[in-house]
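Just so it is clear, none of the values below were taken in a lab; they were calculated from the coordinates. The model shown is predicted, which means the values in this text are computed figures rather than measured ones. Cβ placement follows ideal geometry from the backbone for every residue including glycine, while neighbour counts extend to all protein chains displayed.
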Amino acid sequence: MAQLTMIQAITEALKTEMKNDENVLVFGEDVGNNGGVFRATEGLQKEFGEDRVFDTPLAESGIGGLAIGLALQGYRPVPEIQFFGFVFEVMDSISGQMARMRFRSGGSLNSPVTIRSPFGGGVHTPEMHADSLEGLMAAQPGLKVVIPSTPYDAKGLLISAIRDNDPVIFLEHMKLYRSFRQEVPEEEYTIPLGKADVKREGKDLTIIAYGAMVQESMKAAEELEKENYSVEVVDLRTIQPLDIETIIASVEKTGRAMVVQEAQKQAGIAASVVAEITDRAILTLEAPVLRVTAPDSVFPFSQAEQVWLPNSKDIVETAKKVLTF
Amino acid sequence: MAAKKSQQFDPVETLNAIEEKFEMVQILNEEGEIVNEEADPKLSDEDLQELMTRMVYTRILDQRSISLNRQGRLGFYAPTAGQEASQLASHFALTKEDFILPGYRDVPQLIWHGWPLHQAFLFSRGHFMGNQMAEGLNILPPQIIIGAQIIQAAGVALGMQKRKKDAVAVTYTGDGGSSQGDFYEGLNFAGAFRAPAIFIVQNNQYAISTPRELQTSAKTIAQKAVSAGIPGVLVDGMDPLAVYAVTRDARERAVKGDGPTLIETLCYRYGPHTMAGDDPTRYRTSDIDSEWEKKDPLVRFRKYLEAKGIWDEAKENEVIEKAKEEIKAAIKKADGAPKQKVSDLLEIMYEDVPFNVQEQLDIYKAKESK
């Protein structure tokens, strides 16, 4: 089995589905000859031709609208939004149109579009490149929102996303693109959307996280193990819909839970997860369910990134509050 | 069966006729010779020297910024070499009362409009103090979202019109930016209100890797003005005199109440898109590079000024030394800025601090004082 980075696993998934289904089209800004600014689409234009892998004029709203139209002609578009901070330019196409196509046609039409986009902090990008805007997407009925945390998950989830008949927002954390390698099978495989993954088993505390915060939570769990705490880490993988079953099963086992997100605290995914836990498992809880998040400012200009982003130290600190409540 | 051609109206012919009208304005050719005497803006010797000074200074600033970036002493940087005439000669036609809405490559115009150099460096490093604008400095921080500033320029211009100011709003974008919806909305709104705006598209041939031909089927970007019912002009963006002249004319029309103008400057960026990993050899050949280098704005302007006897090597070296010194001093000043804290960021979120932000401010301030 090959040792791949997340970006390579993503390219593999795109190749797999382009081979499997001639209706899969890849397009966006600089995705053709240049292979994307992160090289996620490297080599695809050469292999599948300009007809199926192409550069668009520079307009995110155009890319979104084009995807909807191509889908209406039976294609399965996999457009790239170059950085997810640019999503505001294409919000109407995503939230106002794509997400509602099935609903407003009385269930007769659909938008099988997978929007891929890099996001996430810690890599010193300029403004509007690194924001965690998944909450905005998760708040739109009609969308599915997927955020892989490992190369293996990225490949299986992206294949599932492309095959899904509803619109999927597939968010790729920039810091994870090349930070580590993992064994990724060459053959195709899928990971179902809406299924969380227990990345580490434990019995004293459940940490629920996604994206780059999974790695930070794993580090925190290792730290806590040194103090004889057994910590379970649940990687949501899909934040809309949430895998309630896995979350609740874990919380019922440990009796203590916390949620970690890179996004700001206000109106976030973590708040949704906490609400689901208290709705369904409050009597099994030994302590309040706490959150570790970024503060409620705009994503910082790059110089302050490191003090702004949540990290394993913050997670350990909060975990101890939950563990010793 | 072929469609029958209408006797009255042939849309293809109309299109061709319009496209042919958009010929490139040039005043100073590659050899530094005046080729359009009538259009020569007849700048004074002092003005010519000042414009050359700014272009040379900016070329040095670009070289230094690239090397500081490579040393890890600057952050985000979008190289400007090749675009000096487009940027600085257009800016030369403005007054301090004019308001600039820039894209991220337009740092030079902001500096010559009065943005202190050390603040530009702080902006590059991602420090919030870089973007703190002094009162009366009529600029926005460089816009990161492609084209978002263009429609805002229509708003600034309409405001100036309502306030009866003798000033214009000037916005810059690139060939890629002309594909954004905001571009069309900006042109159309400013046209509909006859607002005093100048829209400058620096067509440097590539939007990151995407060549101009893939942006639009239109022969020129300048002709897009026609759809908004405003004047458009295509200009040699490597020719400082032509860029100056068309911008000055656009400004005169705007302050007279004759509405906005779209200017397309044909130019080239010698460097990568930004210093964050773009590799131009993946999408451009060195032949294309050297073809454009022959058109270099500094080379032709130097020849012109030398022939007039108002520029020489000593003068140029003086400018280069001054630039280097000022850049050094500005970096030192930027180094002295206080370390950015989370509490600084929370404090600039709202005028009246809400509960959630106050609670976090208290937590971070306590942590930061440790």
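Data overview
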quantity: Alpha-carbon radius of gyration plus Dmax, which is the widest Cα pair, for chain B in Å; calculated: 22.2, 83
quantity: Net lengthening on full extension, B:Arg73/B:Ile34 (0.36 nm per residue, minus Cα-Cα); calculated: 9.9 nm
quantity: Degrees between helix B:181-192 axis and first principal axis of chain B (Cα, 0 to 90, nearest 10); calculated: 70 degrees
quantity: Global form of the range A:18-69, assessed from the alpha-carbon gyration tensor, a/c cut-off 1.5; calculated: oblate
quantity: Residue-span extension gain [B:Glu185 to B:Leu137] - 0.36 nm each, minus C-alpha spacing; calculated: 14.7 nm
quantity: Rounded, prolate or oblate (a/c below 1.5 giving rounded, otherwise prolate when a/b exceeds b/c) for the range A:249-300 by Cα gyration tensor; calculated: prolate
quantity: Cut-off under 5 Å, modelled amide H: who pairs with A:Leu25 long-range; calculated: A:Arg76, A:Val78
quantity: Reference-scaled alpha-carbon Rg (2.2 N^0.38 Å with N residues) for the protein assembly as shown; calculated: 1.04
quantity: Residue mean of other protein chain beta carbons inside 10 Å, A:51-59; calculated: 6
quantity: Percentage relative contact order, the range B:80-155, counting C-alpha pairs under 8 Å, at least six apart; calculated: 36 percent
quantity: Neighbour-limited loop hits for trypsin sites (Lys or Arg not before Pro), the range B:215-254 (at most 16 other Cβ within 10 Å; DSSP other than H, G, I, E, B); calculated: B:Lys219
quantity: Pair-distance profile P(r), taking every C-alpha pair of the range A:229-268, with 10 angstrom steps and integer %; calculated: 23, 54, 22, 0
quantity: Relative contact order (percent, whole number), the range A:95-229, Cα cutoff 8 Å, 6+ residue spacing; calculated: 27 percent
quantity: Anisotropy class of the range B:212-333 from Cα gyration tensor, a/c 1.5 cut; calculated: oblate
quantity: Alpha carbon convex hull of the range B:287-370, projected area averaged over orientations, nm²; calculated: 11.6 nm²
quantity: Antiparallel content of DSSP bridges confined to the range A:148-254, in %, to 5; calculated: 40 percent
quantity: Cβ-derived FRET efficiency at R0 45 Å, A:Asn20 paired with B:Glu313, nearest 0.05; calculated: 0.10
quantity: The range A:154-210 versus the range A:1-65: alpha-carbon centroid distance in Å; calculated: 19 Å
quantity: Trypsin sites (Lys or Arg not before Pro) lying in DSSP loop within the range B:7-79, provided at most 12 other Cβ fall within 10 Å; calculated: B:Lys42
quantity: Net charge of neighbours whose Cβ lies under 13 Å from the Cβ of B:Asn356, counting Lys and Arg as +1 and Asp and Glu as -1; calculated: -2
quantity: Cα long-axis angle, helix A:269-281 against chain A (0 to 90 degrees, to the nearest 10); calculated: 50 degrees
quantity: Estimated translational D of the range B:1-110 in µm²/s (Stokes, Kirkwood radius over Cα pairs; 20 °C; 1.002 mPa s); calculated: 119 µm²/s
quantity: Pairwise label distance in nanometres, B:Glu325 with A:Ala249, each label 7 Å out on the Cα-Cβ vector; calculated: 7.3 nm
quantity: Qualifying trypsin sites (Lys or Arg not before Pro) in the range A:212-281, DSSP loop, other Cβ atoms within 10 Å at most 11; calculated: A:Lys226
quantity: Expected-Rg normalisation [2.2 N^0.38 Å, Cα atoms] applied to the range A:16-149; calculated: 1.04
quantity: Rounded tilt (10° steps) of A:312-323 against the dominant C-alpha axis of chain A; calculated: 50 degrees
quantity: Number of partner chain Cβ atoms within 10 Å, mean per residue of B:206-214; calculated: 5
quantity: Kirkwood-based Rg to Rh ratio, chain A, C-alpha trace; calculated: 0.97
quantity: Net charge, A:Leu109 excluded, C-beta distance under 13 Å - Lys, Arg +1, Asp, Glu -1; calculated: +2
quantity: Efficiency of FRET from Cβ geometry, B:Ala218 and B:Lys333, R₀ 45 Å, rounded to 0.05; calculated: 0.50
quantity: Rounded to 5, the percent of DSSP beta bridges in the range B:107-237 classed as antiparallel; calculated: 25 percent
quantity: Entries of B:Lys165/B:Lys332; B:Lys21/B:Lys303; A:Lys175/B:Lys339 with Cα pairs more than 27 Å apart; calculated: B:Lys165/B:Lys332; B:Lys21/B:Lys303
quantity: Ellipticity estimate at 222 nm from DSSP helix runs (n ≥ 4, -39,500 (n - 2.57)) divided over chain B, nearest 500; calculated: -14000 deg cm²/dmol
quantity: Unit Cα scatterers, Debye sum, the range B:153-239: log10 I(q)/I(0) for q = 0.19, 0.21, 0.22, 0.24 Å⁻¹; calculated: -0.85, -0.99, -1.06, -1.20
